[in-house]
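Structure first, commentary second.
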Amino acid sequence: MDKIIIEGGRLLNGRVAASGAKNAALPLMAATLIAPGLHTLYNVPDLRDTRTMLKVLETLGAAWTRTETEVRIDTSRLTGAEAPYELVKTMRASVLVLGPLLARTGYARVSLPGGCAIGARPINFHLRGFEQLGVRTTLREGYVEAAVDDRLQGNVVYFDSPSVTGTENLLMAAVTAEGKTVIKNAAREPEVGNLIDMLTAMGAEIQGRDTDRLTIHGVRRLHPTEISIIPDRIEVGTYLIAVAAAGGEATVTDCIPAHLPSLVEKLRGAGVGVVEHDTAITVTGIPPGKKDAPALRSVDIRTMPYPGFPTDLQAQFMALMTIADGVSVIHETIFENRFMHVAELQRMGGNIKIGGPTAIVKGKGRGGLSGAPVMATDLRASASLVIAGLAARGVTEISRIYHLERGYETMVDKLRGIGADIRIVRE
Ligand code: EPU
């Protein structure tokens, strides 16, 4: 099994560039299905998940080419309407083809994703929303079949909680519906904004970007477009936390600082220096020339939909809190099982107790973690173990790193570029 080996205790200094956002690339790639023709996406990260989405598009009849970060997708002729179990089971976001297929052809068959490591993660909001637009949905042999006789019909759709992919799926279905659709309690994540920009460039009429109420005036058809994927705010946040934990001073470039409001505040609250530039953020864990790191202060976090603290940074921030001075209360409100990293952080010396959706972290101060063999359990949990390994004394060996490769482009190379002693051993 492939492993990541980290020799902890190196300061991280220099510059590291953010890649395009996984969670924006996936819906934007799916959106190419809506309008027949050649679409061009820029700044697409090369990840296991983006490759899986290309495979899903291929099974539907799309053709694609990739040159560095530019992906061209030709959706002129679709030959299928099914996202098979083999692909959906490796990536739940495959369900994002439901909305576009309904918009284009009125029919889709998609394997129903099962639960995953971080929670049950049903798609009932997506399905109920489609039904409110006149779609019949049936579950047969583990597949959701969605069909509409004529055009989808605009309606008011309310989400019990602001689902990110639910909002994206409904938006993509509603753009060609007849009449007006209103999505209430919509997700406001920047990735949704990126999708709205793409759909608008394709000829869709959408109002309310960045708010929780989106209004879509359906148009008969859309046309192909070209658009850039926004920088990955979760990747950026992961590197900011890594530098805060390991020490040193580094700048994460090619990013949008305004997309990380809650993390920047929490890092500052923890005593970490953060300076925002136009398209970069400089973080100071240990100032240059100083040997002794200033202590980190414990702060509490509560994960919330955007602009609240992202659940996708909870595990990484918890790793940081294990080496702070004081007690941190971490409340996970989005996913019911997103503390899988706790047992692994404990193996490295982290003092953490879990009670329901809350973790209490008693910080042990800098130098409080020691390297150990640990196992990655999901994407963001893996990132938290990398951060813990960078800050720990001694060697950390992380197995099951395929989780990491789903969502972080060349993470090991990027961290080496700023001075980490980290390598992959392929077996
Ligand atoms: N929910 C339902 N029913 C639904 C949809 C959601 O009950 O039909 C619940 C979920 O179980 C969860 C909450 O609503 O408790 C929010 O889930 P959401 O639908 O927003 O999550 P998602 O769209 O499936 C996206 C990201 C996740 C990220 C979450 C939350 C993509 C492809 N995935 O998932 O990213 O954690 O939003 O921000 O955009 C990751 O990148 O590691 C990752 C898991």
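The values are calculated or read from the model by the stated rules, or taken from the named source; none is laboratory data. Values in this document were obtained by computation on a predicted structure and should not be read as measured data. Here the Cβ is made from the backbone with ideal geometry for all residues, glycine too, and neighbour counts use every protein chain on show. These area figures cover heavy atoms from the full protein model, side chains too; ligands, DNA and RNA do not enter into them. Shrake-Rupley method; radii C 1.70, N 1.55, O 1.52, S 1.80 Å.
A full extension of the chain between Thr211 and Leu54 corresponds to an added length of 53.5 nm, given 0.36 nm per residue minus the alpha carbon distance. Label-to-label distance for Asp46 and Arg128 is 4.3 nm, based on points extended 7 Å past Cα in the beta-carbon direction.
Counting only protein heavy atoms and a probe of 1.4 Å, the accessible surface of the chain is 49% carbon and sulfur. Each of Ile286, Met318, Thr303 was scored by the projection of its Cα onto the charge dipole of segment 276-327, and the greatest displacement toward the positive side belongs to Ile286; charges sit on the C-beta of Lys, Arg, Asp and Glu.
Entry comment: accessible area of the chain is 39 Å² per residue, from protein heavy atoms only and a probe of 1.4 Å.
With θ taken as phi - 60° and the Karplus curve 6.51 cos²θ - 1.76 cosθ + 1.60 applied, the whole-hertz 3J(HN,Hα) list for segment 359-365 is 10, 9, 10, 8, x, 9, x Hz, x standing for glycine and proline.
In this rough spin-label picture, where each label sits 7 Å from Cα along the Cβ direction, the Glu397-Leu38 distance is 5.0 nm. In a fully extended conformation the segment linking Glu427 and Glu141 would gain 99.2 nm over its present Cα-Cα distance, using 0.36 nm per residue. The mean sequence separation of alpha-carbon pairs under 8 Å and at least six residues apart, normalised by the residue count of the chain, gives a relative contact order of 21 percent. Dipole of the chain (Lys/Arg Cβ +1, Asp/Glu Cβ -1, origin at the Cα centre): which of Ile183, Gly273, Gly218 lies farthest to the positive side? Value: Gly273. Of the GluC sites (Glu not before Pro) found in segment 26-117, those that fall in a DSSP loop while having at most 14 other beta-carbon atoms within 10 Å are Glu68.
So for the chain: antiparallel DSSP bridges make up what percent, rounded to the nearest 5? Just about 75 percent of them are antiparallel.
Computed extension length for Ala117-Lys353: 83.0 nm, one decimal, from 0.36 nm per residue of separation with the Cα-Cα distance subtracted. Mean separation of Cα pairs under 8 Å and 6 or more residues apart, divided by the residue count, gives segment 22-228 a relative contact order of 21 percent.
Under a 10 Å cutoff between Cα atoms, tell me which one of Gly115, Gly368, Gly218 has the largest fluctuation in the Gaussian network model of the chain. Residue with maximal mean-square fluctuation among Gly115, Gly368, Gly218: Gly115.
Per-residue ellipticity at 222 nm computed for the chain from its helices equals -9000 deg cm²/dmol, with DSSP H segments shorter than 4 residues left out and the rest contributing -39,500 (n - 2.57). With both residues required to sit in segment 315-410, DSSP beta bridges show an antiparallel share near 75%. Work out the charge dipole of segment 22-228 with +1 on the Cβ of Lys and Arg and -1 on the Cβ of Asp and Glu about the Cα centre, then indicate which of Leu127, His39, Pro100 is farthest towards its positive end. Most positive-ward Cα: Leu127.
For the chain, the Cβ-based charge dipole about the Cα centre amounts to some 700 debye (Lys, Arg positive; Asp, Glu negative; other atoms uncharged).
Scoring 280-289, 384-393 by mean Cβ neighbours within 10 Å over their residues and listing the highest first yields 384-393, 280-289.
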